[in-house]
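First comes the structure, then the notes that go with it.
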Amino acid sequence: VVMGSRVQPRLDVINGQEQRRLTLPMLGKAEVDQYLEHMGMEDPDLRQRAYEVTHGHALCVSIIGDFWQNREEQKQPFTIADLPELQVQEFSEIALIRFTNERVLKQLKSPFKELTRYGVLLRSFDLPFLRNVFPDLLPESEALERFNQLIRYPYIESRGNYRYAFHELLHEALAEETQREEPDECRHCHKCALDLSLI
């Protein structure tokens with residue numbers, strides 16, 4: 001049986017010795033280029049821009065592909081040649097916001113929604129660090145279980161040595177918005193991180 005999931009499923013019936021987990025890598029430039037060309041994006045410069053924005057994250061690439069097809073259906077195609085840089089930048093921001101809101105935050109429940117919204121402010125983290133910054137979200141009795149669930153999300157990257165970080169695309173999409181909308185919480189996170197010399 002082969003299963004694909006963005007979140008590691010609980011398999012109570014199949015014991016751990018019979019399970020084999022594989023982490024799929026980011027898409028390469030050629031794969032992103034081929035997918036977007038298949039979606040109808042003919043401009044190679046625009047496909048290159050999409051690759052740079054997504055860093056090869058498959059979910060983000062699919063969102064940009066959907067966005068592109070929606071624009072085509074609405075008879076609003078665009079190319080780099082006939083758009084100023086600002087609109088190309090807007091294309092990137094739309095993809096980021098859509099990825100963040102539709103595919104990440106809207107689907108999360110507390111405490112993972114808050115851990116994601118504020119955790120993107122941190123450069124990297126491990127369990128003790130996250131517990132110090134967010135003690136209410138990671139109470140001692142549930143900290144390990146919640147942390148293990150958080151790091152299974154596809155937008156969390158392992159940095160080795162038990163350290164993790166939010167995917168750069170998610171960081172770019174959420175950090176500025178969070179700082180603008182909730183400056184007090186952001187200051188608290190930064191102060192905790194600086195106190196621990198980890199930001």
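Read-outs: derived from the displayed coordinates by stated rules, not from any lab. Just so it is clear, the structure is predicted and the values come from calculations on it, not from any experiment. Glycine gets a Cβ as well: all are built from the backbone with ideal geometry, and neighbour counts include every protein chain shown.
The table for this structure:
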{"item": "Lys29/Lys113 FRET efficiency (R0 22 Å; Cβ-Cβ; nearest 0.05)", "result": "0.10"}
{"item": "Cα gyration tensor shape of the range 141-199, rounded if a/c is under 1.5, else prolate or oblate by comparing a/b with b/c", "result": "prolate"}
{"item": "Estimated FRET transfer efficiency (Tyr162, Gln19; beta-carbon r; R0 22 Å; 0.05)", "result": "0.55"}
{"item": "Cβ-Cβ FRET estimate between Ser62 and Lys106, R0 fixed at 25 Å, reported to 0.05", "result": "0.95"}
{"item": "Cβ-based net charge around Phe166, under 13 Å, with every Lys or Arg adding one and every Asp or Glu removing one", "result": "+1"}
{"item": "By average C-beta atoms within 10 angstrom, highest first, the peptides 54-64, 22-32", "result": "54-64, 22-32"}
{"item": "Candidate aspartates and glutamates - alpha carbon under 14 Å from Lys106, same-chain residues fewer than 8 apart omitted", "result": "Glu114"}
{"item": "Point-to-point label distance, Arg180-Asp126, nm (Cα→Cβ direction, 7 Å offset)", "result": "3.6"}
{"item": "Radius, Kirkwood style, for the range 1-66 when every pair of distinct Cα atoms is counted (Å)", "result": "13.8"}
